[in-house]
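What follows draws every value from the coordinates through simple rules; no lab data is involved. None of these values were measured; they are calculated from a predicted model. Counting neighbours? That spans all protein chains shown, and the Cβs are built from the backbone with ideal geometry, glycine included.
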Amino acid sequence: MLMRYPRVRSQFRPVSTCGAVATEKGVEFSVYSRSATGMRLLLYDDQGDRDPSEIIHLKPRHDRFGDLWRIFVQGIGHGQLYHLQVDGPFDPNRGLWFDSGRRLIDPYAQALVGDFLPSDDGVIRPPKCIVVGDDFDWSNDRRLGYDFTELVIYELHVGGFTRSPSSEVKHPGTYLGLIEKIPYLNSLGVTAVELMPVHEFPILSPEGVSSGRPNYWGYDPLAFFAPHRGYAASGEPGAQVREFKQMVQALHQAGIEVILDVVFNHTCEGNELGPILSLKGLENPVYYLLADGGRKYHNFSGCGNTVNCNHPVVRRMIIDCLRHWVLTYHVDGFRFDLASILCRGRDGHLDPSAPLIEEIVEDPILAPVKLIAEAWDAAGAYQVGSFWGVRWAEWNGRYRDDVRRFWRGDAHMLGPMATRLAGSSDLYEHSGRGPRASINLVTAHDGFPLNDLVSYREKHNEANGEGNRDGDNHNYSENYGWEGPVRGAPLDPAAREAIEEIRLRQIKNFWATLLLSQGVPMVVAGDECRRTQQGNNNAYCQDNAISWFDWNLVREHRELVRFCQGLIRFRRQQPTIRRRSFPRGDHHGNGGRPEVAWFDSAGQPANWESNDLLLICLWTRLPDDETLSAAGGDLMLVLNATPDTRPFTFPPIAGNDRWRLFVDTAAKAPHDIFPSLKGPYAPKSGRLILKPRSLRCYLSE
């Protein structure tokens, strides 16, 4: 083949990084492989080309430095398309999957173009890598630097947020489409978005890794460093790089931080039956945790394979990737999917001092970013409350379960509910962490949305094509008399109205509990307007109306949206519920009251052995808190999780203060919330009547 691009042997060039690095004169390519005997660089002219325009052979004697293969190619630059091709031993019984006919994705590729292409030899051809530049004008963009106590996190799917025609955006399902909805995010008052995976993933799993169902959620990585091309509005190769930066820049300008959901625990290459696309074809025993002498894969992820996160080479790649998203894309933090896998050593066992976790914490470039762990995995590890180091926050699965069970009316939930309201000191205080370590959630992408949590007793995942066997069976949900929507149900009008009333009340209870708890609240896109997945609690493959944000619901449930907006605004104004340390009943705050005090419905000290789900919680402003704003100071929460109307009496410690009503989840709009903080006064007698399954919040003057 005619050589179009001159090569420069790079044995004297300093080693900086893997991947493709463009300069004024050309591009240097670097790739790691210990066991390879040969390496080729395939260059393409167009993303639709099935065959390369040139193949460059790297010579082991000149282009290999230890386990790093490197070559500099003159005359090419940004926009160059390429694959890797590797020679080496093919011995699956020892975990070696080298195949000289395979075209591989560079693990450090910063963007991909095209899609999977069939070939005459039956070997699938993955999307092509593209060399990208970094000439974006950030216009003095700066990290917002919110403290965890200032966060209200909004989890969303970039595609699904605007893919519905009801979004009425110019660029539905894209980074640019999300930009168009920033005014809505600002109207809610959220301070951070947590984006479900945006690194490159296959839309349809290749070569039969699964049954071909759409990979909607994106938890199946193909290239860790590359933004997903499917969310770009432009068809221009590499446009996703520019558009992702535009999105981050616009969110920052609107005062919203960007947290990425990253998946370093597995890849889309699957197990021994899966495709060879990248890591498996370059150095399988290094990149993955292997079993049975190398013939099989450990499957701690539940997705076929497990990344060997604490191997030095893999550890370096993950750190490089995190730095890349911080330096190149200005992201503010990361949520680590199945983070317990990051703690598994090279033998697969949990390592209490895992090198990767320590290196993430101690890396100087990552020092200012937020670190959030999903502190469990699919193989039984559950580290909520014990994840490594004081910098880590955690998705608090115990908060989710205890709050759900309390409001459902389960027995013996009084103490657990109080502990979750107060920031989960039982989980985090022993390690020196405060309430900021607890990412409080009632719902997430995985499971029922809030509307379905109060509308379905059982999951209904038939649309996923797995016989309703997938998804969690332990949802702590309730339907309150009818499974699914009551509209059109064969019920008398009074029954329909009663069911709908209690469902709406429970949704408000969950919202109020979440926003008035110590810790960091995370809400899911659409929970503020009753988005439904029709009972599906595992909609990973539903790239359709089941998963998409229906913007008609914002108008239909405008009063609930108003309720949620008021809660978020109140939280951001009110330091009393955003403590950096756990409130103590034996420490005094404003006016000599304890920082937190708990009472029963008669205003007496709470009896934690009681099986009655009635509780009064009094939060007291700290005397040295100089951030007191118009939101006031002391708060009193009154909770009735029983199915009966119950009387309450303010505790004597409430004194002679005048208490104004802020929230009443049993009241009809607009009297369910008073954003002006000028709600009606509580009776001077201090005696209240709370309707079934309702919450009130009072604010002292």
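How compact and how long is the stretch 305-435, expressed as Rg and Dmax of its alpha-carbon atoms in Å?
So, for the stretch 305-435, Rg and Dmax equal 16.4, 51 Å respectively.
Less than 15 Å Cβ to Cβ from residue 410, Lys/Arg counted +1 and Asp/Glu -1: what total charge do the surrounding residues give?
+4
Angle check, please: helix 493-515 long axis (alpha carbons) against the longest principal axis of the chain (alpha carbons), in degrees 0 to 90, nearest 10.
For 493-515 against the chain, the angle is about 70 degrees.
Rounded to the nearest 0.05, what FRET efficiency do residue 645 and residue 391 give with R0 = 45 Å and r taken as the Cβ-Cβ distance? Could you check?
That pair, residue 645 with residue 391, gives E of 0.45.
For the stretch 18-110, what is the convex hull volume of its Cα atoms per residue in Å³?
101 Å³
Count the DSSP beta bridges whose two residues both fall in the chain, then state the antiparallel fraction as a percent rounded to the nearest 5.
In the chain, DSSP labels about 75 percent of beta bridges as antiparallel.
Looking at 407, 376, 432, which one has the Cα that reaches farthest to the positive end of the dipole of the stretch 365-469 (charges on Cβ: Lys, Arg +1; Asp, Glu -1)?
432
Hey, any idea what the orientation-averaged projected area of the convex hull of the stretch 583-700's Cα atoms comes to, in nm²?
Approximately 7.4 nm², given one-decimal rounding.
Using Cβ contacts closer than 10 Å as the measure, can you line up 166, 517, 119 from fewest to most?
119, 166, 517
How big is the stretch 455-543 along each principal axis, measuring the range of its Cα positions in Å and listing the largest first?
Answer, in whole Å and largest first: 39, 39, 23 Å.
What is the magnitude of the charge dipole of the stretch 512-591 about its Cα centre, with +1 placed on the Cβ of each Lys and Arg, -1 on the Cβ of each Asp and Glu, and no other charges, expressed in debye to the nearest 20?
My answer is approximately 480 debye.
Can you sort 17, 174, 191 by how many other beta carbons sit within 10 Å, fewest first?
Fewest-to-most ranking of 17, 174, 191: 17, 191, 174.
With the crude spin-label approximation of a point 7 Å out along Cα→Cβ, what separation in nm comes out for residue 487 versus residue 608?
Label at residue 487, label at residue 608, 4.5 nm between them.
Please report, in debye to the nearest 20, how large the charge dipole of the stretch 258-333 is about its Cα centre when each Lys and Arg carries +1 at its beta carbon and each Asp and Glu carries -1 there.
The dipole magnitude comes to about 160 debye.
In the neighborhood of residue 229, defined by Cβ-to-Cβ distances under 14 Å, what is the net charge if each Lys or Arg adds +1 and each Asp or Glu adds -1?
-2
For every other residue with a beta carbon closer than 13 angstrom to the beta carbon of residue 468, add +1 if it is Lys or Arg and -1 if Asp or Glu, then tell me the sum.
That sum, taken over residues with Cβ under 13 Å, equals -3.
Calculate log10 I(q)/I(0) of the chain for q = 0.09, 0.12 Å⁻¹, where I(q) comes from the Debye formula with a single equal point scatterer on each Cα and nothing for solvent.
-0.80, -1.30
Calculate, in whole percent, how much of the Cα-Cα pair population of the stretch 283-328 lies beyond 12 Å.
63 percent
Where the only charges are on Cβ atoms (+1 Lys, Arg; -1 Asp, Glu), what is the dipole of the stretch 7-130 about its Cα centre, to the nearest 20 debye?
580 debye
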